[in-house]
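To start, the structure under review is shown below, and the notes come after it.
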Amino acid sequence: MPEVTYVAADGTERKVQVPEGRSVMQGAIQNGVRGIDADCGGVLSCATCHVYVDPDWVDRLEPPSEDEEDMLSNTAAERRDGSRLSCQIEMTEDLDGLRVQIPETQS
Amino acid sequence: MSDGLVVLGASYAGVQIAVSARESGYDGPIAIIGDEAELPYQRPPLSKGYLSGKVDDAALPLRSAGYYEEHRIRLHLGTAATAVDRRGRAVVMADGTEHRFDRLAFATGSRARTLPLPGSDLDGVYTLRSLADARRLLAAMGSAERAVVVGGGYIGLEVASTLVTAGCQVTVLEASDRLLSRAAAPPLAAFVTEVHRGRGVEIVTGVQATRLIGEEGRVTAVESTDHVSRPADLVLVAAGAIPNGELAVAAGLACDQTAIITDACGRTNEPEVLAAGDCAATRQGAAVLRLESIQNATDQGRAAGKVVAGRAEEHPVVPWFWSDQYELKLQMAGLVAGYDRHVIRGRADSGRFGIYYFRDGRLIAVDTVNKPGDHLTARKLVASPAGITPEAAGDESVDLRSFLKAQQAAI
């Protein structure tokens, strides 16, 4: 099962196995990774699952949709190069080892 | 040993209370009691992606079983509570067992309102609230050819959109004079009505169902006050929800009918008892406000969980809500009641626009259609004391985010 490393704002790392087809957000919520709120459950309504994807991984993801783009400009923490909504990153075997950093705040 | 926190209701609000209590530093025992057998799960998809096949069972649990173990949150699922003994500080279960508590939190949610229609017990007649309801409805949808949805609220319309997309002939009967009469303002309702009609849904307003007709125990038609009998092999009664506050009423807590009255932090009139989510109504001056939404369950649950940890904090929040119908993402920010003016930002016929509602010149609510970024900005604008003028809101050359930033910089 592919593994995701969640890096908290204070630098603490947490590795979680996330089944293929599930999102990086679901992996965090199901396992209680703190700092990802996901208030809307993953339907592009809240922008509270914002993460910074590690620079090594950014280009290996499908680019954000127009709606995700629209929301990334409205996240609580500042938008950076690797900013994504983690509910929109679906896990595949190719993403085994993905690293994402969790911002200071989601609201 | 302390008896700790007992949460009644394995719901969104219930789980949030437990999670927040732990995250806020509460270290005592936590038990969540729920009458359904499943791990606490997400409800919004049940009327949306679950029925269209986009969301499966495995995606529904709010947290994994391991999460509860790790955070020492005991789940008691599949048994109903029958009474709350406040003096003895215990919840009495249907099987006779008791759960003692120092602190009790009601998160019992709401249930589908049923209508006293003759024929309601026929096969083919459904309500939608629980996962079990959604499974039954999903199983029936495959073979349904003609559906009648009784009630033109969000759940009825979401299911109607899925049914008609799947090739079913659909009628929505709404008793009031327009769709979404409780949940949305007329401008959004009018747009939604046109979309449904454009997809071939028959929308009938000002008409009440009077009787369900059946043959051999199965529904075959719906009769209504317009003296029409509409053939149907599937009927969904989507007539709103009733808060599950009966145990609180019986226990003598202050309630508004069956909604449990709380303050802004989820505290009831009894110091050891909290309530959050659909079953709770927040006191606002002389009135009470009850909202049925994930945002409300989450925010009230968070506040109540903090109270358990000894941190009562009031945070003003802008209510928000969403609905998915067809390819439309409808998002509502703020409360529209009492608006005296509205402006449209963008063009409704483009399928991407916003409706900005004002009262006495102040922005109080915003509905957006397929504009998720604007929805997020709108929540901040509604919360902002400076707000935005109707003129600026309606002018697409005014960039809302820059406008908000300039405003925040000026404070």
Debye, to nearest 20: dipole size of chain B, +1 on Lys, Arg Cβ, -1 on Asp, Glu Cβ: 820 debye
Nearest 5 is fine: what % of DSSP beta bridges in the range B:1-112 come out antiparallel, could you say? 40 percent
Count the net charge of all other residues whose Cβ sits under 10 Å from the Cβ of B:Thr127, scoring Lys and Arg as +1 and Asp and Glu as -1. +3
Give me the inter-chain shielding for A:34-40: mean count of other chain Cβ atoms within 10 Å, whole number please. 3
As straight-line cross-link partners of B:Lys306, the qualifying aspartates and glutamates (C-alpha separation under 13 Å, not fewer than 8 residues apart within one chain) are B:Glu23, B:Asp27, B:Glu314
From the square roots a ≥ b ≥ c of the eigenvalues of the alpha-carbon gyration tensor of chain B, which class results: rounded (a/c under 1.5), prolate (a/b over b/c), or oblate? oblate
Provide a whole-number value for the mean count of partner chain Cβ atoms within 10 Å of the Cβ atoms in peptide B:372-382. 5
Would you mind checking the radius of gyration and Dmax of chain A based on alpha-carbon positions, in Å? 12.1, 33
Could you tell me which residue out of A:Thr105, A:Ile36, B:Thr262 lies farthest along the dipole of the protein assembly as shown toward its positive end? Charges go on the beta carbon: Lys and Arg +1, Asp and Glu -1, centred on the Cα centre. B:Thr262
Going by a ≥ b ≥ c, the root eigenvalues of the Cα gyration tensor, does the protein assembly as shown fall in the rounded group (a/c under 1.5), the prolate group (a/b larger than b/c) or the oblate group? rounded
To make sure I understand the rule: partners must be aspartates and glutamates, Cα under 15 Å from the Cα of B:Lys48, and not fewer than 8 residues away in the same chain. Which ones qualify? B:Asp56, B:Asp57, B:Asp133, B:Glu158, B:Asp324, B:Glu327
Please figure out what share of the DSSP beta bridges in chain B is antiparallel and state it in percent, rounded to the nearest 5. 60 percent
Towards the positive end of the charge dipole of chain B, with charges on Cβ (+1 Lys, Arg; -1 Asp, Glu), say which of B:Ser350, B:Gln408, B:Cys279 has the farthest Cα. B:Gln408
Given the rule -39500 (n - 2.57) for each run of at least 4 DSSP H residues, summed and divided by the residues of chain B, what is its mean residue ellipticity at 222 nm, to the nearest 500 deg cm²/dmol? -7500 deg cm²/dmol
Only bridges whose two residues both fall in the protein assembly as shown count here: according to DSSP, what percent of them are antiparallel, nearest 5? 60 percent
For A:Val53, which sequence-distant residues (separation of 5 or more, or a different chain) have an amide H within less than 5 Å of its own amide H, given hydrogens modelled in the peptide plane? A:Gly82, A:Ser83, A:Arg84, A:Gln101
Student exercise, the range A:3-101 dipole from Lys, Arg, Asp, Glu Cβ charges, in Debye to nearest 20: 440 debye
Shape call for the range B:62-197 from the C-alpha gyration tensor, a ≥ b ≥ c root eigenvalues: rounded (a/c under 1.5), prolate (a/b greater than b/c) or oblate? prolate
Magnitude of the Cβ-charge dipole of the range B:294-411, K/R +1 and D/E -1, about the Cα centre, nearest 20 debye? 300 debye
Nearby aspartates and glutamates by direct alpha-carbon distance to A:Lys15 (threshold 15 angstrom, same-chain neighbours under 8 apart not counted): A:Glu3, A:Asp54, A:Asp96
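Averaged over peptide A:43-52, how many Cβ atoms belonging to another chain are found within 10 Å of each residue's Cβ?
On the way: counts 11, 6, 14, 10, 4, 2, 0, 0, 0, 0.
For peptide A:43-52, the averaged partner shielding equals 5.
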What residues qualify as long-range amide H neighbours of A:Ser23, i.e. H under 5 Å apart, gap of 5 or more or another chain, H built at 1.01 Å from N? A:Met91
Given only helices, namely DSSP H runs of n ≥ 4 each adding -39500 (n - 2.57), what is the per-residue ellipticity at 222 nm of chain A, to the nearest 500 deg cm²/dmol? -4000 deg cm²/dmol
Compute the length gained on full extension between B:Thr210 and B:Arg74: take 0.36 nm times their separation in residues and subtract their Cα-Cα distance, giving the result in nm to one decimal. 44.4 nm
Chain A: relative contact order as a whole-number percent, Cα under 8 Å and 6+ apart: 42 percent
Cβ-based charge dipole, the range B:190-307, positive-most Cα from B:Gly245, B:Thr210, B:Leu234: B:Gly245
Please list the non-local residues whose amide H lies under 5 Å from the amide H of B:Ala365, H modeled 1.01 Å from N, same-chain partners needing a gap of 5 or more. B:Tyr357
Kirkwood hydrodynamic radius of the range B:278-375, from inverse mean 1/r over distinct Cα pairs, in Å: 15.2 Å
Calculate one ³J(HN,Hα) per residue across the range B:210-221 by plugging θ = phi - 60° into the Karplus curve 6.51 cos²θ - 1.76 cosθ + 1.60, and present them in order as whole Hz with x for glycine and proline. 10, 7, 9, 9, x, 10, 6, x, 10, 5, 10, 7
Per-residue HN-Hα couplings for the range B:259-271 [Karplus 6.51, -1.76, 1.60; θ = phi - 60°; Hz; x = Gly/Pro]: 9, 8, 7, 10, 8, 5, 9, x, 7, 8, 6, 10, x
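Sort out the exposed loop trypsin sites (Lys or Arg not before Pro) in chain B (DSSP loop, at most 11 other Cβ within 10 Å) and tell me the longest stretch that has none.
B:183-411
Since every read-out is calculated from the coordinates, none of them should be taken as a lab result. Quick caveat: nothing in here was measured; it's all calculated off a predicted structure. Heads up, the Cβs are rebuilt from the backbone with ideal geometry, glycines too, and the neighbour counts pull from every protein chain shown.
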